[in-house]
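The values are calculated or read from the model by the stated rules, or taken from the named source; none is laboratory data. What you are looking at is a predicted structure, and each value in this text was computed from that prediction instead of being measured. Quick reminder, even Gly has a Cβ in these numbers, built from the backbone with ideal geometry, and neighbours come from all protein chains shown. In case anyone asks, the SASA skips ligands and DNA or RNA and just uses the protein heavy atoms, side chains included. Shrake-Rupley method; radii C 1.70, N 1.55, O 1.52, S 1.80 Å.
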Amino acid sequence: MSLPSDYRNEISALDREVKKQQPDDILQFCATFFQRRLESQRAEFRLSQRHANTPGMPASNFPGSNPFGNTAAAAGMASVAEEEEHDITSPTSASGPFSPTANNANPARNMDNNSSGGGGAFGNFGNFGFGAPASSRGQDPPASVSAGAMDHPQSFPSNYNMNRRTSVSAESLAPASADDANWKAPYYAKTPDQVARLRTAVSHNFLFSHLDDEQSAQVLGALQERKVPAKDVRVIEQGDAGDYFYVVEQGTFDIYVSSTGKAEAGPAGLGNKVATNGPGTSFGELALMYNAPRAATVVSTEPSVLWQLDRVTFRRIVMDSAFQRRRMYESFLEEVPLLKDLTSYERSKIADALETSKYPAGSTIITEGDVGDKFYMLESGEADAYKRGVDQPVKHYKKGDYFGELALLEDQPRAASVMSTSEVKVATLGKDGFQRLLGPVENIMRRDDPRKLEDSVDPLR
Amino acid sequence: MSSSSADRASYAAREEEKAKLAEWDPEKNTLEPSEVAADPGKKPVGHSSKYLRKEDFDCIKTLGTGTFARVWLAKIANASSGTGVAAKKNNNGDTASGAGNNAANRVFALKILRKVDVIRLKQVEHVRNERNVLAAVAGHPFITTMIASFQDNDTLYMLLDYCPGGEVFSYLRRARRFNEQTSQFYAAEIVLILEFLHEKEGVAYRDLKPENILIDAEGHLKLVDFGFAKKIEDRETYTLCGTPEYLAPEVIRNTGHGMAVDWWAFGILIYEFLVGQPPFWDQNPMKIYEQIVEGKVRYPSAMSNDARDIIGGLCTVDVTKRLGNVKGGAATVKEHPWFRNIDWDAVYHRKMQGPIVPHLRSADDTRNFDDYDAEPVHRDPYTKELYSKYDHMFADF
Ligand SMILES: Nc1ncnc2c1ncn2[C@@H]1O[C@H](COP(=O)(O)OP(=O)(O)OP(=O)(O)O)[C@@H](O)[C@H]1O
């Protein structure tokens, strides 16, 4: 008979702790470990009992044996903190709706990302290992945390909101639709200084930091100036629909959050002032993703200048360039005889595995005799192929040409070297990536004619 | 008079349809995957009805509300003894729930959408997708069956099987988390749904979460809410949709996405089953998205290695490495060691006993559903202008 899986889980959890803590007194360590586990499991049991009576939840009707973790055999998991009283009005939610100024107030985000659950001795049994700041990790004596997570509800990861979650969606974006095939991103001229300031202002925002140079230039170009003529202008109002993202160019803005979720009438209706934003800060970035009610009210304190960008423009810029790049990759792939049996769905899948790299003029992209594991497609620029012992290039490549595709097939030495003659941008497809997604190229070619191989004349061979 | 004979003919057709509705029994009629995938016109369920009307149903209680839909527990109206409908017996009166054996007892979930709201929220395309996908997949053992759809002047209706167990979400929150076996059981049924949707139908579901998974009378799952489901032809799609905690990184980054988003969300779902909350969370949604695109999942220390491994495989930012999306598709997920003890054929044929079997007093028991506020009295009118501009888009609903 094999060991019960819950037992194995406990033991591997213990193994990890022992490895991490390297205790001297093994027996004591193990005894304490299981004692903690038991405590936390009991705590959990009490919790689940109480939850069954939570008002507002449908009546509990578990069949005779409760399928959940309240029997010894079922407690494979760590316990949790009791946090439901703190669910919605979190006292610790300093990471406000406007991220640039809010920094890491959420304890969960300060944690290490160690997949084994982090150090902190037994702390993680009380609170998933999320509870203590990274800096204090490992110093905690085992007993200090204990099942006492019950006493420290704030230490539970970010006061998880236990309510039903609503779906979100943005306007539908269909790049292929004929009516707006001629769409061009708007462009508003800016001084180099202004561009540089904008670049810095958005650099820490992950929506922007993932953009390539062209996208980023387009996005910055599309930011439009908006003058706020006076103080006390509400640029955005809590609870309203959100369509624009803003960067502050000049002036300062007060940010208010009302506990009712929207700006109310009356002098105190805006709620508490939570921050003041000056030049170089930004707000309202959630509007770049979808239309969600604004989480705060932003009011000018003096005549000011903002840059604004709306969601549809932002998403179109990013989408259109992704779309065009994919179509370009697919058209490259269509040209390659070796891959001509791919279905269009497979080609679109493979496009995910392509990576772009750039080489300055005069770089050696592949070297004759090396074992190749990548296939190259020239997105822009030109290159020449040379063979050892031949002075003249044996082949010239320009945009849309490809080379080295036999590398997808088998570990063959490259039959020639390829050098860039101008700055080039290439899309590369690794053999690994291809095989992960579609299996060996050989199988795809064998789909109808096993002799396909001979038709695919690689100029490098 | 010819008009009254036409009336009579349509009355008869309508009565016949109602009788047919009463006969469809989801628990008994699990179709094989190939039968489900068959031409919707040839299936017993999933058609667009020309005859059914709102008046054919009594709406008894709200089961749930979404952003613009309201789902009602409904019974066939006027199906008392003496009508042709009630006389028609359903030949399996012995289902697990002891479901009624005639039309008067047969219960449904009627999903009602106002055209004006659908248009206002720019969801016309999504609603059309929803109907078409539900029609295409009707009969699958773990997808809520759309028995028929119909419409009137200003409203769209989808007649669904009633799932009396309520949302997995409610059980999960109440239990705080599921143990490993329970999680595996539910996850296994979900894998079969995704396998079917992706590999038989070419459909990305795009809104996997415990709120959208219901439990039926026998304790098996039913996936509901196909509002974001989309047939992916041979190219990626871009519209951002889903639920914040469950969005895949490629959706957030807007680089084009496909069916792989469901495998990501499936990893989040397993994590939430086992842990009681999803791996990426913050009060500020932008911070959730930042964590998602970074993609570093942290696991509680007592989580089993197999569970970590499957979650990590599914929640892989690089889609070319994501479990489920790599060569082999759903089969690679089914072969994962975490599912070692699952007999997939038994799962599909509902041979396994579900960990939660709702205790029901009657077929129309709604104790597993929360109470919802009554529908707002004020409603925007579906004006002539809206009608002439948009109604053709609902033509085949
Ligand atoms: N077949 C059914 N049986 C029982 N309850 C159901 C059924 N279908 C839906 N419900 C309930 O109604 C709720 C809302 O339904 P659904 O999710 O389809 O609506 P929606 O408006 O599309 O939702 P959302 O805005 O969240 O996308 C479900 O979460 C569920 O609780």
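Screening A:A178 against (1) modelled with pLDDT under 90; (2) touching a helix residue (DSSP H, G or I) at 6+ places or on another chain (Cβ under 9 Å); (3) away from chain B (no Cβ under 11 Å) leaves a single unmet condition, (2). For the structure I just gave you, tell me whether B:I268 is β-branched (V, I, T), touching a helix residue (DSSP H, G or I) at 6+ places or on another chain (Cβ under 7 Å) and within 21 Å of A:L286 (Cβ to Cβ). When the stated conditions are applied, B:I268 passes them.
Screening B:H359 against (1) surrounded by fewer than 14 Cβ atoms within 10 Å (Cβ to Cβ); (2) of a type outside the set (D, E); (3) in a loop (DSSP other than H, G, I, E, B) leaves a single unmet condition, (1). Based on what the data block shows, is B:F169 within 22 Å of B:W72 (Cα to Cα), within 16 Å of the ligand (Cβ to nearest atom), under 16 Å from the mean Cα position of the chain (by Cα) and surrounded by fewer than 21 Cβ atoms within 10 Å (Cβ to Cβ)? When the stated conditions are applied, B:F169 passes them.
A:S420 passes every criterion in (1) open to solvent by 10 Å² or more (accessible area, probe 1.4 Å); (2) among the polar types (S, T, N, Q); (3) more than 28 Å from B:R322 (Cα to Cα) apart from (1).
How many residues does the range A:404-440 contain that are under 19 Å from A:L342 (Cβ atoms) and over 31 Å from the mean Cα position of the chain (by Cα)?
Going through the range A:404-440 one residue at a time, the tally reaches 6.
Just one of the listed residues (A:A353, A:A292, A:A322, A:A361) is closer than 30 Å to A:M419 by Cα, in a loop (DSSP other than H, G, I, E, B) and at the interface with chain B (Cβ under 9 Å from one of its Cβ atoms), and it is A:A353. Of the residues making up the range A:10-36, those that are small (G, A, S) and more than 10 Å from chain B (Cβ to nearest Cβ) number 1. Among the residues of the range B:253-274, the one identified as in a helix (DSSP H, G or I), open to solvent by less than 20 Å² (accessible area, probe 1.4 Å) and at the interface with another protein chain (Cβ under 7 Å from one of its Cβ atoms) is B:L274. The single residue among B:A374, B:A346 that is more than 14 Å from chain A (Cβ to nearest Cβ), within 20 Å of B:T65 (Cβ to Cβ) and of a type in the set (A, V, I, L, M) turns out to be B:A374.
Residue-by-condition table, conditions (1) open to solvent by 20 Å² or more (accessible area, probe 1.4 Å); (2) more than 11 Å from the ligand (Cβ to nearest atom):
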residue	(1), (2)
B:E195	yes, yes
B:G219	no, yes
B:A229	no, no
B:R235	yes, yes
B:Y246	no, yes
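B:D207 satisfies every condition listed in (1) at the interface with another protein chain (Cβ under 9 Å from one of its Cβ atoms); (2) within 16 Å of the ligand (Cβ to nearest atom); (3) assigned to a helix (DSSP H, G or I) except (3).
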